[in-house]
Amino acid sequence: MSELLDKDTLRFTEYAAELMVYFERHKLIEISKKILVELALERPELVQQWIGANIKRIASEIYKDCLLGGKDGVVSMLNLSAGYLYRVVIFGRRGSGRKTQAINLAKRFNLVYIDAENLIYQCLRGDDENPNDPLARELQRSFYYNNCDAKGKALADIISRRIIHQDALRRGWVLVNFPNTVNDFKEIMEHWKVPPNKLVYMKCSEKICLKRLLNSANIGAPYHTCSYYNHEMSFYNAHEKRIENYLRHRHETLYVNSEGCSDEVKLSLLSSIAKTPYLLGERKDIV
């Protein structure tokens, strides 16, 4: 019986999460607010007739405002509410400051911090409370056979499950160390029930990233060696152009120069990410 209840709860949670994203994507809350504001100002006698005659105009004004304003960061009609939930992916080279800035965002906006590497370690180690978790088993199998595509799909499914937990739905979240390939990005943006509404691309040269990594306190520890860093950079370089091309076609993408000091990058990121999220989805103005 409890299993049935858990499944029903999961289905309801997924439905509520999808509905939240649908409202956000089509600016339905913003449109409703503007209708209420104009009704309060004009006080028409025939309310239904007024709504029917004006809703298309109001929706068009908001969509146009998002498209035009989004280009220079100024949107006149829309403002983020205090309770806006950020769902952020931070992407970049190892050493670009992804984790540092993700932790800063988590503290600033009370977001749930999700590190994909930690989830991998948990799944590979095994969960005593749920030893037969099918998603963990799938990830273990992908590592055993060293199947890169299977690893990405299994990890995407595990993170997708994590972000519909109550804490993530109520507070928002910030994710690091995933996605890593263009297929990973397509999976999270086109198939997740609750996709990110901000894709932060940390732009930093390989030379600066390697210098930071080689000067870090972790150097010499497992997975913190020169050969490991070189392997990471080679993997990033192999996928960078395809990922860049995909990201430039998304409304959610923000570019942050992370070659400066940590505080400088933090201010730049906070300034960029706090702007109104304009439109979500694929951009139509880029070929």
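The values are calculated or read from the model by the stated rules, or taken from the named source; none is laboratory data. Computed from a prediction, not measured in an experiment: that's the story for all the values here. Quick reminder, even Gly has a Cβ in these numbers, built from the backbone with ideal geometry, and neighbours come from all protein chains shown. Just the protein is used for accessible areas: all its heavy atoms, side chains included, with ligands, DNA and RNA removed. Shrake-Rupley method; radii C 1.70, N 1.55, O 1.52, S 1.80 Å.
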**Message:** Rounded to two decimals, what is the ratio between the C-alpha radius of gyration of the chain and 2.2 N^0.38 Å?
**Reply:** 1.13
**Item:** Projected label distance in nm at L28 and R171, using a 7 Å step from Cα toward the beta-carbon
**Value:** 2.8
**Prompt:** Over 19 Å between Cα atoms, which of K56/K198; K33/K56; K107/K266; K107/K186; K151/K241 qualify?
**Reply:** K56/K198; K107/K186; K151/K241
**Complete:** Computed on Cα atoms only, the convex hull of the range 17-68 has an orientation-averaged projected area in nm² of 4.0
**Complete:** Counting sequence-distant residues (5 or more places) and residues on other chains, those with an amide H built under 5 Å from that of R283 are R250, H251
**Complete:** Of the DSSP H helices in the chain, the ones reaching 20 Å or more along their long axis in Cα terms and averaging at least 1.0 in Kyte-Doolittle hydropathy are 28-42
**Request:** Taking H placed 1.01 Å from N in the peptide plane, check which residues at least 5 places from L254 or on another chain put their amide H under 5 Å from its amide H.
**Result:** L199, V200, Y201
**Request:** Starting from the amide H of R87, placed 1.01 Å from N in the peptide plane, find each other amide H under 5 Å away whose residue is 5 or more places distant or on another chain.
**Result:** W173, N197, K198
**Which of Y145, Y86 is most accessible, then next, and so on - probe 1.4 Å** = Y145, Y86
**19 Å reach of a label modelled at Y121, 7 Å along Cα-to-Cβ, counting backbone N of the range 168-189** = 174-179
**Fill in**
In nm, the gap between the two label points placed 7 Å beyond Cα toward Cβ at E259 and R11 is 5.4
**Message:** Using only the heavy atoms of the protein chains and a 1.4 Å probe, how would R171, R242 rank by accessible area, largest first?
**Reply:** R242, R171
**Prompt:** Antiparallel as a % of all DSSP beta bridges within the chain, to the nearest 5?
**Reply:** 5
**Item:** Accessible surface, per residue, of the range 87-275 when the full set of protein chains is kept, probe 1.4 Å, Å²
**Value:** 51
